[in-house]
Amino acid sequence: MNSVSASGNGAPEHLLRALPQLRTKLNLKVYLEIVRPGLEEVDRCIRHQVEAFDPGIVGYVEYAAESSGKRIRPALALLAGSATGRSRQDHVDLAVVVELIHLASLIHDDILDNAEIRRARPTVFSKWGADLSVLLGDCLFAHALRLCAALPVREVNRLIADAAYEVCAGEILQMQRRFDLKLGLTDYLKIIGMKTGALFRVACEAAAGLNEVPAHHAEALRIYGDHLGVAYQIYDDCLDLFGTEEHSGKTLGTDLKKGKFTLPLIHMLGQLEPGAVAGVSETILHGDEAERLGLLRQIIDAGGVRSSLRKANELLERAGRSLEVLPESAAREALASLPRALADHLATLET
Ligand code: FPP
Ligand code: MG
């Protein structure tokens, strides 16, 4: 359990109460109703993939695959398919590929973040350790590539390879900039655009690619996925600081501990007199619970949360607008509802 985020186990109650918290779950089910049958098919296919693994490792794969997340990326692939023509078995396969890459990346991420809980269950890392987790993540990733090779459009294979590369490269850039007090907005956006934006983007753009649509439609979906993904990561970064483990179902507070500086903190650092920066760095590295909660308060008072929400909302609006070139359809409307839902959810953190 963490000792940094606002979930603040053991933190003085009056300090906790003074902080805004993301106390509700982001629930997108109602917006994804039109692709529910498709998502059930994706879940069936993911469960079926387990049979492709050696009997000796099936147990691990089952554990990793059965934890059902929000399935945002598969939903994007199915909706983008419908919004550009037809969502067919190829789109289900694409959705499975993207979700398996996502699952693999989370298994690796939980090692890097020392995370014990995800999706309200022990992580693969906490159950079986780092060695097994590295290899299991690799196996799932490799299996995703096997499925990807069977997709019928060559350009789609390339898009997925590019996205997988970007996710990994984004994580390396993030690692290189740990504890870097000079990390600015541009670099932060670049990193999260790679580590998170890439899979959102590819789910949308590759789905359009499978339908071989006009380039400007694929481009509109790529932009939509990019902005939605980056805004989603800003939300996730706020959650890490101001969420509760009870509602998020995952270990929080790892960003500060691991020196991943995210938008609320980056904004605050930008407001500080140069002489005050050392104090913040000292708190991050060695502060006790009360000092760390004090830092969260300082972030809020400096407008760090407000400005992060502003940035996320700006991206969400642009995501919605980018869909306007597509023909009207129920799928387009469902896509458009996702940035609105995320903006509404983020508003609950308004301070
Ligand atoms: C979550 O970040 C993690 C990612 C968006 C990507 C992680 C990618 C890797 C570790 C590289 C390995 C990639 C592959 C394809 C095998 P977060 O820690 O901010 O989110 P969290 O709060 O959900 O943990
Ligand atoms: Mg993490």
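General remarks:
- Counting all C-alpha pairs of the range 158-213, share separated by more than 20 Å (%): 32 percent
- Relative contact order of the chain, defined on C-alpha pairs under 8 angstrom at six or more residues apart (%): 25 percent
- Compared with the dominant principal axis of the Cα atoms in the chain, helix 277-286 is inclined by about 80°.
- For the range 216-351, the calculated P(r), taken from all Cα-Cα distances in 5 Å bins from zero up to the bin holding the longest distance, is 2, 10, 18, 19, 16, 12, 9, 7, 4, 2, 1, 0 percent.
- Size of the range 83-221 from its Cα atoms: along the principal axes, largest to smallest, the extents are 44, 36, 25 Å.
- Distance between the C-alpha centres of the range 324-348 and the range 292-310: 28 Å, rounded to the whole angstrom.
- Across A276, A130, A290, mean-square fluctuation computed from a Gaussian network of the chain (C-alpha pairs under 10 Å connected) peaks at A276.
- Ranked for footprinting exposure by Cβ neighbours inside 10 Å, fewest first, Y224, Y165, Y188, Y31 give Y165, Y31, Y188, Y224.
- Considering helices alone, the calculated mean residue ellipticity of the chain at 222 nm is -22000 deg cm²/dmol, with DSSP H runs of length four and up weighted by -39500 (n - 2.57) and normalised per residue.
- Distance distribution note for the range 291-338: the fraction of Cα pairs above 14 angstrom is 63%.
- Fewest-first sequence of R44, R201 by Cβ atoms within 10 Å of each Cβ: R44, R201
- Among I117, I107, I172, the ranking by other beta carbons within 10 Å of each residue's beta carbon, starting with the fewest, stands as I172, I117, I107.
- The stretch between K190 and E212 holds 5.1 nm of extra length on full extension. This uses 0.36 nm per residue minus the Cα-Cα distance.
- Principal-axis analysis of the Cα atoms of the chain puts helix 72-83 at an angle of about 40° to the longest axis.
- The fraction of Cα-Cα pairs per 20 angstrom bin, counted from 0 for the chain, comes to 31, 58, 12 percent, rounded to whole percents.
- Surrounding net charge for L252, when Lys and Arg each add one and Asp and Glu each subtract one, Cβ distance under 9 Å: -2
- Helix 89-112 and the longest principal axis of the C-alpha atoms of the chain enclose an angle of approximately 30°.
- Taking the range 72-163 and dividing mean pair separation by its residue count, relative contact order in percent (alpha carbons under 8 Å, at least six apart): 28 percent
- Converting the Cα gyration tensor eigenvalues of the range 27-110 into ellipsoid dimensions via √(5λ) gives semi-axes, longest first, of 24, 14, 11 Å.
- Here the mean projected area of the convex hull built on the C-alpha positions of the range 205-245 is 3.3 nm².
- With the convex hull drawn over the C-alpha atoms of the range 62-158, the volume per residue is 99 Å³.
- Other residues whose C-beta falls under 12 angstrom from the C-beta of L210 contribute a net charge of -2, scoring Lys and Arg +1 and Asp and Glu -1.
A short reminder: the numbers here are calculations on the coordinates, not readings from a lab. Here the structure is a predicted model, which means the values were calculated and not measured. Glycine also receives a Cβ, built like all others from the backbone with ideal geometry; neighbour counts cover every protein chain displayed.
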